[in-house]
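The values are calculated or read from the model by the stated rules, or taken from the named source; none is laboratory data. None of the values given here were measured: they were computed from a predicted structure. Because the Cβ atoms are built from the backbone with ideal geometry, glycine has one as well, and the counts that use them run over all protein chains shown.
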Amino acid sequence: MHEAEFNTDWIEKCLAHEQRGVRAVYNKAEYAEQRRAMLQAWADMLDGWIATNPKASVLALAQPAKTREYIA
């Protein structure tokens with residue numbers, strides 16, 4: 001999602017990574033609307049990948065490329 005230029009704070013919040021230090025004290029934002037839009041973009045990207053390769057599944061796409069070669 002970083003390559004799609006989404007905000008690092010939103011990504012880290014989706015991954016349930018905890019902030020540390022001064023940022024953790026002052027940044028209490030949940031970024032709910034931003035995360036919802038980001039995750040919808042991710043879902044749309046997955047749907048696009050599956051639409052271009054109907055034999056693929058979300059689980060197959062999650063496999064490392066080496067494993068995935070025979071599926072596609």
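Let's see how each residue does on (1) in contact (Cβ under 8 Å) with a residue 12 or more places away in the chain; (2) more than 15 Å from Met1 (Cα to Cα); (3) part of a helix (DSSP H, G or I):
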| site | (1), (2), (3) |
| --- | --- |
| Gln19 | no, yes, no |
| Val22 | no, yes, yes |
| Arg35 | yes, no, yes |
| Leu46 | yes, no, yes |
| Ile50 | no, yes, yes |
Can you find a residue in the range 6-15 that is surrounded by 13 or more Cβ atoms within 10 Å (Cβ to Cβ), assigned to a loop (DSSP other than H, G, I, E, B), modelled with pLDDT under 90 and not polar (S, T, N, Q)? no
Being aliphatic (A, V, I, L, M) and on the phi > 0 side of the Ramachandran plot is the filter here; which residues of the range 2-40 pass it? Ala16
Checking Pro54 against (1) surrounded by 10 or more Cβ atoms within 10 Å (Cβ to Cβ); (2) modelled with pLDDT under 85; (3) not in a helix (DSSP H, G or I), only one condition comes out false. Which one? (1)
